Amino acid sequence: MYKKLLCATALAVTLIASSSTVSAGTIPFTVTVGGAGSQDPLSKREIKTADGDTFAYFTGKRFSANQVGIYVRSYNLSKEYIYSGQKFLVSTTAGKVQSAQYNMEAPGGEYYYMKAQAQSKRVTVSGNYCP
């Protein structure tokens with residue numbers, strides 16, 4: 001619960017300040033998925049806080065078009081069999097924090113990353129990710 005509050009606070013401060021300053025454990029992302037051409041479906045790596053939280057948090061803030069979305073999931077960098085549930089970030093709910101529980105204990109102090117995919121249409125989404 002503490003981590004969710006921390007992530008939500010960090011996201012709110014980021015939205016209000018419109019700057020790249022983000023609290024530890026939360027990072028901004030920009031991913032492009034779907035369609036053809038060169039794409040970047042991965043976020044930067046981030047260390048998960050060792051506070052016992054079993055959720056990852058995702059917020060889509062800016063979308064390259066209306067009525068589009070992406071599927072996102074968090075993965076442990078060195079143990080990819082540890083991953084979160086999948087969430088759908090959609091332009092109609094931009095700014096809403098979504099949480100997804102990990103499939104097993106997600107150890108803190110290790111690197112995680114977010115992977116995105118789209119069903120078909122090429123879309124670029126920017127937002128925040130908190131493993």
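The values are calculated or read from the model by the stated rules, or taken from the named source; none is laboratory data. This structure is a prediction, so every number in the text was calculated from the model and none was measured. With ideal geometry, Cβ positions are generated from the backbone for all residues, glycine too; neighbour counts draw on all protein chains shown.
What the table below lists for this structure:
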{"item": "Whichever residue in region 60-93 is surrounded by fewer than 17 Cβ atoms within 10 Å (Cβ to Cβ) and among the small types (Gly, Ala, Ser) and, among such residues, is nearest to the chain's Cα centre (by Cα)", "result": "Gly85"}
{"item": "Matching option when the condition is charged (D, E, K, R) and over 11 Å from the mean Cα position of the chain (by Cα), among Glu105, Glu46", "result": "Glu105"}
{"item": "Flag for Leu15 being touching a Gly at 6+ places or on another chain (Cβ under 9 Å) and modelled with pLDDT under 95", "result": "yes"}
{"item": "Gly60 being small (Gly, Ala, Ser) and farther than 16 Å from Ile27 by Cβ", "result": "no"}
{"item": "Positions within region 47-80 being under 18 Å from Tyr111 (Cβ atoms) and in a strand (DSSP E or B), in sequence order", "result": "Ile47, Phe55, Ala56, Tyr57, Phe58, Val72, Arg73, Ser74, Tyr75, Asn76"}
{"item": "Where a residue in region 91-119 is more than 12 Å from Thr59 (Cα to Cα) and its partner, wherever it lies, is surrounded by fewer than 16 Cβ atoms within 10 Å (Cβ to Cβ) and of a type in the set (Lys, Arg), with Cβ under 8 Å and at least six apart", "result": "Glu110/Lys79; Tyr111/Arg45; Tyr112/Arg45; Tyr113/Lys44; Tyr113/Arg45"}
{"item": "Selected residue (only one of Lys44, Lys3 is modelled with pLDDT of 50 or more, assigned to a loop (DSSP other than H, G, I, E, B) and touching a strand residue (DSSP E or B) at 6+ places or on another chain (Cβ under 8 Å))", "result": "Lys44"}
{"item": "Residues of region 55-73 satisfying the condition of being at pLDDT 95 or above and polar (S, T, N, Q)", "result": "Thr59"}
{"item": "Residue tally, condition surrounded by 18 or more Cβ atoms within 10 Å (Cβ to Cβ) and in contact with a Ser or Thr (Cβ under 8 Å, 6 or more places away or on another chain), over region 35-57", "result": "4"}
{"item": "Within region 21-34, considering residues that are in contact with an Asp or Glu (Cβ under 7 Å, 6 or more places away or on another chain) and not in a loop (DSSP other than H, G, I, E, B), the one surrounded by the most Cβ atoms within 10 Å (Cβ to Cβ)", "result": "Val31"}
{"item": "Residues being small (Gly, Ala, Ser) and either assigned to a strand (DSSP E or B) or at pLDDT 95 or above (or both) - total across region 110-131", "result": "3"}
{"item": "Residue list for region 18-40, restricted to those being under 12 Å from the mean Cα position of the chain (by Cα) and modelled with pLDDT of 90 or more", "result": "Ile27, Pro28, Phe29, Thr30, Val31"}
{"item": "Flag if Lys79 is closer than 18 Å to Ile27 by Cβ and not small (Gly, Ala, Ser)", "result": "no"}
